[in-house]
Structures are given as structure tokens and as C-alpha cells.
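The values are calculated or read from the model by the stated rules, or taken from the named source; none is laboratory data. Source: prediction; values computed, not measured. For neighbour counting, all protein chains shown are included, and Cβ atoms are generated from backbone atoms with ideal geometry for every residue, glycine included.
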Amino acid sequence: MNTPTIKTGQVPMRHYLQFKDLSAEEYDYLLGRATLIKKRFKNYEKYTPLYDRTLAMIFEKASTRTRVSFEAGMYQMGGSVVNLTSGDSQLGRAEPIEDSARVISRMVDVVMIRTFEHTKIEAFAAHSRVPVINGLTNEYHPCQILADVFTYIEHRGSIRGKVVAWVGDGNNMANTWLQAADVLGFTLHVSTPSGYEIDAKVAGVSNQACVKVFDNPMDACRGAHLVTTDVWTSMGYEAENEARQKAFADWRVDRDMLAVAQPDVLFMHCLPAHRGEEVDADVIDGPHSVVWDEAENRMHVQKALMEYLLLGRIG
Ligand code: CP
Ligand code: NVA
């Protein structure tokens, strides 16, 4: 019987499957590293601490940002990347996820997975010898919220004590924002159509003090420092699209919603966006929007995350 060993040397193995997997103190450290790593990238300074490491990416759903940010980020840090999809690997031909984890994690140093049910990534992680990063599941999208928090801090300073308004579906992004509010100490105002509420059990946050629920999205946006939304129909829910178009019609972020927020409110969207559905064009393309910084920052924070999971604290 082979005993799994950890190739990361002195660094204890950690997975990043949910936002709550790291503490506020670790986020302080990580976001500080992301700032430094971003600065080096902007100055064309070579920084290749992962020169001997390989990242495997497994995509069971489509992606632009996650794919490019992880792949470019790993190459910039000196490492290599292997990209797998269900269609071009044995994953799509029913090889058990546990067996895939055992095999893939013997050959690479870190794995990023985008899949459907969160239980799938948990099963992979339970049989992996190396850190596993969640690149989106039906339930959570922690790398995106990591980038969003970093973007907020870059533009406005600390997010502690602030109000973030979530307008739209109680989906993977909403669940993860709720975890972030709990871990980092801000308040999440949530407004979803009836039937699409956040499931507190799935979100995994028992602290009721960090969330306030509103029937009317305007009320959720009142006084907010950040207003954010997402598609009405997430990947995997396409069969519900027609019903969702009707149910979400009043949950389109528009100028009136930003007008009742703080004067210097920021607007974020994880993208891809549908102008005229969940957000009006004059909001996403307007002066409060920081969506392009938000998208770019995926790469910088994920480089910091991979550095942390593989090398531990630097210095
Ligand atoms: N925001 C995000 O995860 O984008 P992709 O689906 O393009 O990866
Ligand atoms: N909630 C969306 C996010 C896409 C990045 C989805 O899961 O499709």
C-alpha cells in the first residue's frame, strides 16, 4: 500500500475550495503578495519562483478569464501548465474522479478544477497529493471573490465595515460573497427574486450579522460601497433560462440603483456580462465600473495564491 506523500516539501498541504478555507489574517498576507506580484508584472520584472512546478487545469465548463489568468500566471511564475477538459480526457468517459485525482496529482504540483457539483471537487481533493484550487463550482467561485476584494481594496482601501450589495441570483458568486463578508468583516446586502434566494446552508455561513436581505434591489443598493451582480443563468442551468429571464426582469442593475448607493460606489461583475439583462450598458461601461481591473486582477491574486499554497510565506 502506498502512503501518499506531499511533494510541496515543508509546506503543509492546503486546498482552496471555498473562500472560508483561509483566515482574515491569511487574506491580509495574500493580498499584500498580490500587490507586490502585480507591481513586478507591471514593471516587467521577472519573478519565477515556480520554475519547477506544474499546474494541471481541468475544465468541465467553459472559461475565458479563469483559463487565461491561471495559464498566463503560471507561465509568468516560471512553471508549466497542462490543460484538460472532459471532452479530451478520460474524465468525460466516466473514469472515477478519485482515480483521476490519484493519477494527475502524482505528476503535477497543483490542480485547478472548474466543474459542476462541489462534491466533485471535494472528492478530487480528498484523493489528491497536491493542493486543489476551485476555479468555479455550482456552489462557489472563491478565486473570483479574491480578485473582487483585491480590486475593491486597490480602489478604495479596506473593505472591513463596508456594504456590498448583491443584486440577482443566489448563485455561486453570491454564496462566496457571503463567506467573504463573514471572514473579512463587511456586510452583504442581498436582493434576489423569490425562488432564487441564497441557501444559507450551502453558503455555509451561520453568522446572520453579516447579511441583510431585501425584497427590492433598490433597497439593497441604498448606501452600498460596492454594487455587484452576475448572469441570470449560470453555466449548467441553461434549461431554466426562459423562466429566469421572466423572474429576474426587475433585478437589472441600472443607474437608479447606483444613484442611491454611496457617491463613490464601485460596480463589479465577474463577467461574462449580458448588457440589457443583469446590467445596463451605461452601468457596466460607466464611470463607477471597475470590471476590467477586476478581470485582470484574477491573474495577480491567483499567482499569489499558487505561491502561497506551493511555497508558503515568502520572507
Ligand atoms: N469570471 C470568470 O470566471 O470568467 P470565465 O468564466 O471566463 O473564466
Ligand atoms: N455564476 C456564473 C459565473 C461565471 C463566471 C456561472 O456559474 O456561470
Exercise. Only one of A123, A165 is at pLDDT 95 or above, surrounded by 22 or more Cβ atoms within 10 Å (Cβ to Cβ) and either of a type outside the set (F, W, Y) or outside any strand (DSSP E or B) (or both); which?
Worked result: A165
Exercise. Which residue pairs have Cβ atoms closer than 6 Å, lie 6 or more positions apart in sequence or on different chains, and pair a first residue in the stretch 137-150 that is closer than 18 Å to V227 by Cα and within 12 Å of ligand 2 (Cβ to nearest atom) with a second residue that is in a helix (DSSP H, G or I) and among the basic types (K, R)?
Worked result: A147/R298
Seminar exercise, completed: Picking from G236, G157, the residue that is of a type in the set (G, A, S), within 22 Å of the chain's Cα centre (by Cα) and more than 16 Å from ligand 1 (Cβ to nearest atom) would be G157
For this session: Please verify whether the stretch 102-109 includes one or more residues that are assigned to a strand (DSSP E or B), more than 16 Å from ligand 1 (Cβ to nearest atom) and touching a Gly at 6+ places or on another chain (Cβ under 9 Å).
Result: no
Exercise. Restricting attention to the stretch 212-233, and to residues there that are surrounded by 14 or more Cβ atoms within 10 Å (Cβ to Cβ) and acidic (D, E), which single residue is nearest to ligand 1 (Cβ to nearest atom)?
Worked result: D230
Problem set entry | Where V68 falls short, out of the listed (1) of a type in the set (A, V, I, L, M, F, W, C); (2) surrounded by fewer than 16 Cβ atoms within 10 Å (Cβ to Cβ); (3) more than 16 Å from ligand 2 (Cβ to nearest atom) | (3)
For this session: Starting from residues that are more than 15 Å from P217 (Cα to Cα) and in a strand (DSSP E or B), keep the ones in the stretch 256-278 and report whichever is nearest to ligand 1 (Cβ to nearest atom).
Result: H269
For this session: Could you tell me which numbered condition K46 fails, if it satisfies all but one of (1) away from ligand 1 (no atom under 16 Å from the Cβ); (2) part of a helix (DSSP H, G or I)?
Result: (2)
